[in-house]
Amino acid sequence: MDKAYPFNEIDPKWQKYWKDNKCFAVDTKDTAKKFYCLMMFPYPSAALHVGHGRNYIIGDVVARYKKMQGYNVLAPMGWDAFGLPAENAAIKNNIHPRISTMNNIATMKKQLGAWGVCYDWSREVASCMPDYYKWTQWIFLQLYKKGLAYKKKASVNWCSSCATVLANEQVVDGKCERCSTEVEQKDLEQWFFKITDYAERLLTDLNKLKNWPERVKTMQANWIGKSVGVEIHFPIEGTEKQLTCFTTRVDTIFGATYMVLAAEHPDVPELIKDAKNKNEILDFIDEVRHENKESRLKDTLEKKGVFTGRYVINPVNGKKIPLWIANYVLMNYGTGAVMAVPTHDQRDFEFAAKYKLEKIVVIDDPKFSLDAQLMKEAYEKQGILVNSQQFNGMNNKEAMEKIADWMEEKGIGKRSIQFKLRDWLISRQRYWGAPIPMVYCEKCGIVPVKEEELPVLLPETVEFKPTGESPLKGNSDFVNTTCPNCKGKAKREIDTMDTFVDSSWYFLRYISPKNKELPFVKEDVDKWLPVDQYIGGVEHAILHLLYSRFITKVLCDMEHIGFDEPFKNLFTQGMIIKDGFKMSKSKGNVVAPDPLIEKYGADTVRVYTLFIGPPEKDAEWEDRAVEGSYRFLARVWRLVEALVEQNKTSVVPSKEITSLKRKTHQTIKKVTYCIEDGFRCNTAISGIMELVNDIYTCKDDTDITEAVHTTVLLLYPFAPHVCDEMWSMLGNERDLLKQKWPKYDEDIAKETEITMPVQIKGKLRTKVQVAPGIDESSLKELVLNDEKTKNWIEGKQIIKWIIVPDKMVNIIIKD
RNA sequence: GCGGGCGUGGCGAAAUUGGCAGACGCGCUAGACUUAGGAUCUAGUGAGGUGACUCGUGGGGGUUCAAGUCCCUUCGCCCGCACCA
């Protein structure tokens, strides 16, 4: 391939220039016209592929574009550096996680540089460094102080391979998200963050996020999962006790024919103490608890259950109904007790069919009467109440309210709200994470480490081989400590924190990354946040974004910060697909950026990555097509070379508006609009390509220099190296970052002639050239004088003219 | 099952939001320049037809002067969530 432009000289030259001149350094004291542009910080894995690149390149485009518009742009970068892969590598290859992580950071930093992606590296943070995790621990203590961090025994997902606990969210298809081992259940004492206290606010405040993608907000709302219903108390026959269940379908209460408890329900042992079939029940409970949670949530699960021998009383009609234990009810949702209405809930229907339990129709289909014996499936639609005493004849929506009122009056139930969202389990029995800053004292119990004692340093030497407990347990220097309270003998918490804690506040640290006294300065973060533009993958739509919102709200409530949503605008970019699949090492379809950058230069790879398709959508990578972007840049380069050779580099303002001048201004308008409206770099670049094509083919070269200057300015955010070089060649002051984004003149951009399509009865028949703003009668006359129009309407009667000014004409004729 | 999205040339895709379908790029064809061309420049490129024209945005139906865009229906694909009581 002919090297039409020397990118191998240009790229390093400008990358060095940007670095030496600290082009992206920002003074955070200067908040005039601030713009905080944040990209999700990466986990330092072995190497980046072109799919990762999309995120950083889009971010870099935004940063450069905003800078040219005169904003004081803060574009920091860091590393989400704690995590399991480094620990797994340590177990496998006996390399310390700190070393492999630092190596990976170095590699990735180099790769980012090779893309020409620029950050204010003086603000770099890494979550695995003591000066960072000190403050992650501080965050933990704040939550503890506020009663939002607590410990409880919980049935958790257990990965025997990683010898560690996984949050339910981290289990994929019943397997460990990271190592794909089959997940089991295990009981452990765990630290939790009480995110459920914020469920309502996390949900309602989604409305504040006007510039978040709808799909992300919908996903978060579904995850929080608010449901409104009624809590009903069922007395247990022969005891003074009662069982409480939650239902969203209180209208079906008269059809409850049995009740089901989760195997984990705390009242189960007491209830079955004297059961005849106690052994059978215990065996069943054991069996259920051995199934992993994930498979219990599948609809393919075969419903199984066992009768407890007990009965409960339906409080609305005094009906005695049997109490069962079944595998399809989970303790995690609602109260762990479900009133079963087989006629109007499909799960209950299947279960009742299997165990021959009673079915009563209480909601009738308005079209034809239902018969419980003949039903093939549950009737879950709207209908009219039957067999429901005084509520008979009401439609079920109305009945829901009336029954709830009546039950509240009689004290047998009350309206209630349930969330799907569960508390955030943050304990990890791992080494490579921030130690939880808590101490267990023989006398004082659980005691937090004093803030001034932070950080609780992660010891360097430990045995990594998993034992089922944190590797920290083996390090006695770490474990043995003194109580912050009584100075007596005490032991440290040996679990570390979930890495999502690290990443739920990093955007605050960037404002003052070196501050030793504080995690952040309130005054400064209040000025710089919320983040003006957050850019990242849609895979973080729920967990990371929800946790960050939660921590922000907690810090706001404690008056550490003065805002309660961290990210004002969110942009989630699509994945890059190769051969039909998401790029991944295991699929072997990863495209490395390095050889492409070597062959075509950084700008070509950037332009192609952006040109590939709309940024929020997935796009298919095609190696072959990269060449097109290279050709385009080389084409621009040759234009500049020609101008320099002909000594025509300075812009001579022309009086008249040539078609090239008009195109130039139209292009400024188009490119600006495309970037502003959803970072549509694909159409922005195609606009510049059109201008370049026009420059090549234009006959009159009056405004060529202006057009080329504009091209270089507009292209700069996408292809900064070659543009900076060309800008210098054109005799301008170095450094396009200091240039103003070009402005267009609406009068110049305006077309002087419009090609107006003429339709006859809705079909395109001809076109006429008209001046913009032409009046109706002149337009009609012009159209009627057109030869083709004459042919089409000859001898026919015109019924109607439809004229959309400056757009089109449609003539309706009678045949 | 529920929720969200998508379906446009040989390919990646445009379409200023109901107003000329296929911009721009890849690929392909031809010509020019060249010792040469896998460089570059110019032109062409949805299908059918010599042509006037006809047909074309997964399929079917509808609303409208006008539909890729709105409505109904159907098929296919992708993503998210899932026995949420």
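The values are calculated or read from the model by the stated rules, or taken from the named source; none is laboratory data. From a predicted model like this one, the values you see are computed outputs, not experimental measurements. Heads up, the Cβs are rebuilt from the backbone with ideal geometry, glycines too, and the neighbour counts pull from every protein chain shown.
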Report task. Only residues that are closer than 23 Å to A:ILE774 by Cα, more than 9 Å from RNA strand B (Cβ to nearest atom), surrounded by 13 or more Cβ atoms within 10 Å (Cβ to Cβ) and charged (D, E, K, R): list them for the range A:788-805, please. Result -> none
Report task. Determine whether A:GLU401 is part of a helix (DSSP H, G or I), touching a strand residue (DSSP E or B) at 6+ places or on another chain (Cβ under 8 Å) and at pLDDT 85 or above. Result -> no
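Condition first: away from RNA strand B (no atom under 15 Å from the Cβ) and over 13 Å from A:SER659 (Cβ atoms). Now tell me which residues in the range A:687-705 satisfy that. Let's see the steps before the verdict.
First, pick out the residues of the range A:687-705 that are away from RNA strand B (no atom under 15 Å from the Cβ): A:702-703, A:705.
Residue satisfying the conditions is A:THR705 alone.
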Report summary line: Within the range A:305-319, the count of residues that are of a type in the set (S, T, N, Q) and either under 11 Å from A:GLU237 (Cβ atoms) or assigned to a strand (DSSP E or B) (or both) comes to 2
**Report entry** Candidates A:ASP735, A:ASP745, filtered to the one that is closer than 30 Å to A:ILE57 by Cβ and more than 15 Å from RNA strand B (Cβ to nearest atom)
**Finding:** A:ASP735
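Just to be sure before I move on: is A:LEU529 closer than 21 Å to A:LEU206 by Cα, within 16 Å of RNA strand B (Cβ to nearest atom), out of contact with any Gly (no Cβ under 8 Å at 6 or more places or on another chain) and not small (Gly, Ala, Ser) in the structure I sent? If you could, list the steps in order and put the result at the bottom.
Working: closer than 21 Å to A:LEU206 by Cα: yes; within 16 Å of RNA strand B (Cβ to nearest atom): no; out of contact with any Gly (no Cβ under 8 Å at 6 or more places or on another chain): yes; not small (Gly, Ala, Ser): yes.
Considered against the rule, which asks whether it is closer than 21 Å to A:LEU206 by Cα, within 16 Å of RNA strand B (Cβ to nearest atom), out of contact with any Gly (no Cβ under 8 Å at 6 or more places or on another chain) and not small (Gly, Ala, Ser), A:LEU529 comes out as no.
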Report task. Those residues that are more than 8 Å from RNA strand B (Cβ to nearest atom), under 30 Å from A:ASP286 (Cα atoms) and assigned to a strand (DSSP E or B), I need them from the range A:217-267; list them, please. Result -> A:GLU231, A:ILE232, A:HIS233, A:PHE234, A:PRO235, A:ILE236, A:GLN242, A:LEU243, A:THR244, A:TYR258, A:MET259, A:LEU261
Query raised in the report: So how many residues does the range A:179-213 have that are buried (at least 18 other Cβ atoms within 10 Å of the Cβ), assigned to a loop (DSSP other than H, G, I, E, B) and either more than 15 Å from RNA strand B (Cβ to nearest atom) or modelled with pLDDT under 70 (or both)?
Result: 1
Report summary line: Taking first residues from the range A:257-269 that are touching a residue at least 12 places away in the same chain (Cβ under 8 Å) and second residues anywhere that are assigned to a strand (DSSP E or B) and aromatic (Phe, Trp, Tyr), the pairs with Cβ under 8 Å that are 6 or more apart or on different chains are A:TYR258/A:TRP324; A:MET259/A:PHE234; A:MET259/A:TRP324; A:VAL260/A:TRP324; A:LEU261/A:TRP324
Query - Criterion (buried (at least 19 other Cβ atoms within 10 Å of the Cβ), part of a loop (DSSP other than H, G, I, E, B) and aliphatic (A, V, I, L, M)) met by exactly one of A:VAL439, A:VAL456 - result: A:VAL456
Requested in this report: List the number of the failed condition for A:THR28; all other conditions in (1) under 30 Å from the mean Cα position of the chain (by Cα); (2) at pLDDT 90 or above; (3) among the β-branched types (Val, Ile, Thr) hold.
Outcome: (2)
Report summary line: Subset of the range A:748-775, residues surrounded by fewer than 17 Cβ atoms within 10 Å (Cβ to Cβ), hydroxyl-bearing (Ser, Thr, Tyr) and near RNA strand B (Cβ under 10 Å from one of its atoms), comes to A:THR755
Query raised in the report: Has the range A:686-701 got at least one residue that is of a type outside the set (Ser, Thr, Tyr), assigned to a loop (DSSP other than H, G, I, E, B) and touching a Lys or Arg at 6+ places or on another chain (Cβ under 9 Å)?
Result: yes
Query raised in the report: A:ALA199 versus (1) under 25 Å from A:MET497 (Cα atoms); (2) of a type outside the set (Lys, Arg); (3) over 32 Å from the mean Cα position of the chain (by Cα): which is the lone unmet condition?
Result: (3)
**Report entry** helices (runs of 4 or more DSSP H) wholly inside the range A:476-559 that include at least 3 residues being over 25 Å from the mean Cα position of the chain (by Cα) and not aliphatic (A, V, I, L, M)
**Finding:** A:476-479, A:522-528
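Test of understanding: among A:TYR311, A:TYR258, which residue is modelled with pLDDT of 85 or more and under 30 Å from A:GLN382 (Cβ atoms)?
A:TYR258
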Report summary line: Apart from one, (1) part of a helix (DSSP H, G or I); (2) buried (at least 22 other Cβ atoms within 10 Å of the Cβ) all hold for A:ILE10; the odd one out is (2)
Requested in this report: Please determine, by comparing only the residues of the range A:322-346 that are more than 7 Å from RNA strand B (Cβ to nearest atom) and in a strand (DSSP E or B), which one is surrounded by the fewest Cβ atoms within 10 Å (Cβ to Cβ).
Outcome: A:PRO322
Report task. With the condition kept exactly as written, say whether any residue in the range A:776-784 is within 9 Å of RNA strand B (Cβ to nearest atom), in contact with a helix residue (DSSP H, G or I) (Cβ under 6 Å, 6 or more places away or on another chain) and at pLDDT below 85. Result -> no
Query - Among (1) in a loop (DSSP other than H, G, I, E, B); (2) closer than 30 Å to A:ARG635 by Cβ; (3) away from RNA strand B (no atom under 15 Å from the Cβ), the one test that A:MET726 misses - result: (1)
Requested in this report: Please specify each residue of the range A:775-794 satisfying the condition of being without any contact (Cβ under 8 Å) to a residue 24 or more places away in the chain and part of a loop (DSSP other than H, G, I, E, B).
Outcome: A:ASP775, A:ASN785, A:GLU794
Report summary line: With criteria (1) away from RNA strand B (no atom under 16 Å from the Cβ); (2) over 27 Å from A:ARG680 (Cβ atoms), A:LEU546 comes up short on (1)
